[in-house]
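A.B. asks: The following block contains the structure, expressed as structure tokens.
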Amino acid sequence: MKSDVVKKGVERAPHRSLFKAMGYTDTEIQRPLIGIANSVNAIIPGHVHLDKIVDAVKAGVYMGGGTPIEFGVIGVCDGIAMNHEGMKYSLASRELIADSIEVMATAHAFDALVLVPNCDKIVPGMLMAAARLDLPAIVVSGGPMLAGKHPEKADPIDLITVFESVGAVLSGEMTEKQLSQVEDAACPTCGSCAGMFTANSMNCLTEAVGMGLPGNGTIPAVMSARIRLAKEAGMQILRLLENNIRPSDIMTDQAFKNALTVDMALGCSTNTVLHLPAMAREANVFIDLDMINEVSRATPHLCSLSPGGQHHLEDLNRAGGVTAVMKELSGAGLIHTDCLTVSGNTVQENLNAVRNLDDTVIRTPDNPYHKEGGLAVLFGNLAPEGCVVKQSAVLDEMLCHEGPARVFDSEEDAGQAIMGGKIKKGDVVVIRYEGPRGGPGMREMLTPTSAIAGMKLDAHVALLTDGRFSGGTRGAAIGHISPEAMQKGPIAVVQEGDRIAIDIPAKTITLKVPDSEIEKRLSKWSPPEPKITHGYIARYARSVSSASEGAVVK
């Protein structure tokens, strides 16, 4: 066992003495040492209960014959970090999470890992570490929260309802008292936010890529089944260790194609376009934006989940969860069923006893919500390296749009203009210098996109940025424009009033300015001063790659 280097032999007596200082017995020291990466904290609703999940994992590890050793991992709540300087640190935290797990697992010679995340950047950060370390590993997340109920209509609501209600108040569609009632009702339990936003997208894709047990993506946080799943994960890690099943056996090229296919069928967050390539890179698998379009064209969109639809994760769970979606896709020949998973079984073996329990939640491939998948990558002279849109959440009338550019050099300036009523029907809002380097940190733009939706402008206004969006964003919101403005991308020289044409079905985005004029403007461009010049985020900005490469630190 790898842990022998810290516990076996006469020369390791000092090491054993330190273990005994913490109360470990000789019997516990002799067993496999299972590291448990616990991202519990009291600032993320999706993580506030992870101490209970980890207790269950520990019980499972003990039942399986191992010794659980817990260590802490940071986590950012994107909702609380939204729309202020804190959001610059969210995406960048993904790299810190991966690095810190590498440090802890290597320094203490753990034999295997159980990774316990739940929210946006913590899930991919842990999976990047798992691929990099290639120790036997399994993920068990904290699960989604239940949807709230609208105080007046009894319709299901979630956090995005609150964001969009702010825009409704500003436009006179709602009173502040009504907003307060929505605020109180939208997030009724612990767990990752109830729609198919980034956290739940990544938890479902963890299951699809084979690194989480069936149910990992959808069992609600408050259900006892989540505790049982954690115990099973704790026991299963010992079986993975015994059989030497590692992430490199699971996170293969075909497994990532399965994850992309499930991504498109579910209508996942645009942030998966950052995280899947970053995870794949650690696993020595290559994913590019052309591949995402290729998979999207071949995959029907089967689930209409918030923010693009009315269903929530609890509905998907009741209908059979991720495995039921994969069963439908498998029947259409779209899943590689021979891929190995952390259950110890192949995908096919996991699907044998599964069926779709509600075809109004999980539609069949011959009756999809859309013929193509949830995401699309657009290319053109405004985005030579590509940009991303959640096409399943775009109104039909906005799939093709042309309008004048309204240009802003920060999210704050754009937000003030939108909420101040300065954006008109037909406009194309352009927010730049918000990319991985320029932001720095590539902030999410949920506040301005939600304001547009809440003010009933989502059928008339598009928003483009070299930043990114929350998984909760809906509408013609096109992000990750690459190269970003800070890398001298064409978005840096868009001028107020320039015409911009968007054609999502054709996968194109065009700045309707002659190439010679764009080149002339770029020749005169010089980068602005960095917004942050010290600390971690300044170091991150100096070494981070383009969003088209997953915004990884090189």
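A.B. asks: Dipole of the stretch 249-400, Cα-centred, from +1 at each Lys and Arg C-beta and -1 at each Asp and Glu C-beta, to the nearest 20 debye?
C.D. replies: Taking the Cα centre of the stretch 249-400 as origin, the dipole is about 160 debye.
A.B. asks: Next question. I want the antiparallel fraction of DSSP beta bridges within the chain, as a percent rounded to 5.
C.D. replies: Given both bridge residues lie in the chain, the antiparallel proportion sits at roughly 40 percent.
A.B. asks: Pairs Lys390/Lys531; Lys456/Lys512; Lys425/Lys520; Lys177/Lys531; Lys88/Lys422: which are spaced more than 32 Å apart, C-alpha to C-alpha?
C.D. replies: Lys177/Lys531
A.B. asks: Could you bin all the Cα-Cα distances of the stretch 267-411 into 10 Å bins starting at 0 and give me the percent of pairs in each, rounded to whole numbers?
C.D. replies: Taking all Cα pairs of the stretch 267-411, the binned fractions are 10, 32, 37, 15, 5, 1 percent.
A.B. asks: Taking all pairs of different Cα atoms in the chain, averaging 1/r and flipping that mean, what Kirkwood radius in angstroms comes out?
C.D. replies: 23.7
A.B. asks: To continue, here is another question. Assigning unit charges at the beta carbon (Lys, Arg +1; Asp, Glu -1) and nothing else, what dipole magnitude in debye, to the nearest 20, does the stretch 356-472 show about its Cα centre?
C.D. replies: 260
A.B. asks: While we're here: Which whole-Hz couplings ³J(HN,Hα) result when phi for each residue of the stretch 304-317 is put into the Karplus expression 6.51 cos²θ - 1.76 cosθ + 1.60, θ = phi - 60°, listed in order with x for Gly and Pro?
C.D. replies: With the stated coefficients, the stretch 304-317 comes to 10, 9, 4, x, x, x, 8, 7, 10, 4, 5, 5, 4, 4 Hz.
A.B. asks: Something else about it: Which cross-chain or sequence-distant (5 or more) residues have an amide H under 5 Å from the amide H of Glu70, H modelled 1.01 Å from N in plane?
C.D. replies: Counting only residues 5 or more places away or on other chains, the set is Ile36.
A.B. asks: Could you pull the Cα extents of the stretch 418-509 along its three principal axes, largest to smallest, in whole Å?
C.D. replies: Cα spread of the stretch 418-509 along its principal axes, largest to smallest: 34, 27, 25 Å.
A.B. asks: Using a 1.4 Å probe, what is the accessible area per residue for the chain, in Å²?
C.D. replies: Accessible area per residue, the chain: 36 Å².
A.B. asks: Related question: Kirkwood Rh and Cα-based Rg: tell me the resulting Rg over Rh for the stretch 329-377, rounded to two decimals.
C.D. replies: 1.03
A.B. asks: With a 1.4 Å probe and every protein chain kept in, tell me what percent of the accessible surface of the stretch 297-425 is carbon plus sulfur.
C.D. replies: Looking at the stretch 297-425 in its full context, I get 46 percent from C and S.
A.B. asks: Can you give the local net charge around Lys20? Use residues other than it whose beta-carbon is closer than 13 angstrom to its beta-carbon, Lys and Arg +1, Asp and Glu -1.
C.D. replies: Surrounding charge for Lys20 is +1.
A.B. asks: In addition: Could you pull out the GluC sites (Glu not before Pro) across the stretch 448-554 that fall in loop regions by DSSP (anything but H, G, I, E, B) with no more than 10 other Cβ atoms inside 10 Å?
C.D. replies: Within the stretch 448-554, the qualifying GluC sites (Glu not before Pro) (loop, at most 10 other Cβ atoms within 10 Å) are Glu496.
A.B. asks: Give the carbon-plus-sulfur fraction of the accessible surface of the stretch 78-232 in %, rounded to a whole number; probe 1.4 Å, heavy atoms of protein chains only.
C.D. replies: The value for the stretch 78-232 is 55 percent carbon and sulfur by accessible area.
A.B. asks: I would also like to ask the following. Where q = 0.22 Å⁻¹, what log10 of I(q)/I(0) comes from the Debye formula for the stretch 211-345, counting one point per Cα?
C.D. replies: Reported log10 I(q)/I(0), two decimals: -1.50.
A.B. asks: Run through the stretch 103-175 and list the trypsin sites (Lys or Arg not before Pro) located in a DSSP loop whose Cβ has at most 14 other Cβ atoms within 10 Å.
C.D. replies: Lys153
A.B. asks: What percent of all Cα-Cα pairs in the stretch 347-484 falls into each 5 Å bin, going from 0 up to the bin containing the maximum distance?
C.D. replies: Per 5 Å bin, starting at zero, the Cα-Cα P(r) for the stretch 347-484 comes out as 2, 10, 18, 20, 17, 10, 7, 7, 5, 3, 1, 0 percent.
A.B. asks: Another one. How much space per residue, in cubic angstrom, does the convex hull of the C-alpha atoms of the stretch 160-283 take up?
C.D. replies: 114
A.B. asks: How large is ³J(HN,Hα), in whole Hz, for each residue of the stretch 122-138 in order, when computed from phi with the Karplus curve 6.51 cos²θ - 1.76 cosθ + 1.60 and θ = phi - 60°, using x for Gly and Pro?
C.D. replies: These are the phi-based 3J(HN,Hα) values: 6, 4, x, x, 5, 6, 4, 5, 4, 5, 5, 6, 6, 8, x, 8, 8 Hz.
A.B. asks: Could you check how much of the accessible area of the stretch 18-67 is carbon and sulfur, as a whole percent, using a 1.4 Å probe?
C.D. replies: 61
A.B. asks: Protein chains only, probe 1.4 Å: how do Asp78, Asp358 rank by accessible area, largest first?
C.D. replies: Descending order: Asp358, Asp78.
A.B. asks: Provide the net charge surrounding Thr337, with neighbours chosen by a C-beta distance below 11 Å and charges set as Lys +1, Arg +1, Asp -1, Glu -1.
C.D. replies: Around Thr337, the surrounding residues sum to -1.
A.B. asks: Relative to the compact globular guide of 2.2 N^0.38 Å, what is the alpha carbon radius of gyration of the stretch 83-152, as a ratio?
C.D. replies: 1.39
A.B. asks: Name the residue farthest towards the positive end of the dipole of the chain from the options Ile227, Ser330, Leu113, assuming +1 on Cβ of Lys and Arg, -1 on Cβ of Asp and Glu, about the Cα centre.
C.D. replies: Value computed over the given set: Leu113.
A.B. asks: Under 5 Å between amide H atoms, partner at least 5 residues away or on a different chain: which partners does Ser192 have, H built in plane at 1.01 Å?
C.D. replies: Gly143, Met145
A.B. asks: Additional query: From the convex hull of the Cα coordinates of the stretch 191-238, what is the mean projected area in square nanometres?
C.D. replies: 3.2
A.B. asks: About the Cα centre of the chain, how large is the charge dipole given +1 on each Lys and Arg Cβ and -1 on each Asp and Glu Cβ? Please answer in debye to the nearest 20.
C.D. replies: Dipole size: approximately 860 debye.
The values are calculated or read from the model by the stated rules, or taken from the named source; none is laboratory data. Keep in mind that what you see is a predicted model, and the values were worked out from it rather than measured. Using ideal geometry, Cβ is built from the backbone for each residue, glycine included, and neighbour counts are taken over all protein chains shown. The area values use the complete protein model at the heavy-atom level, side chains included, leaving out ligands, DNA and RNA. Shrake-Rupley method; radii C 1.70, N 1.55, O 1.52, S 1.80 Å.
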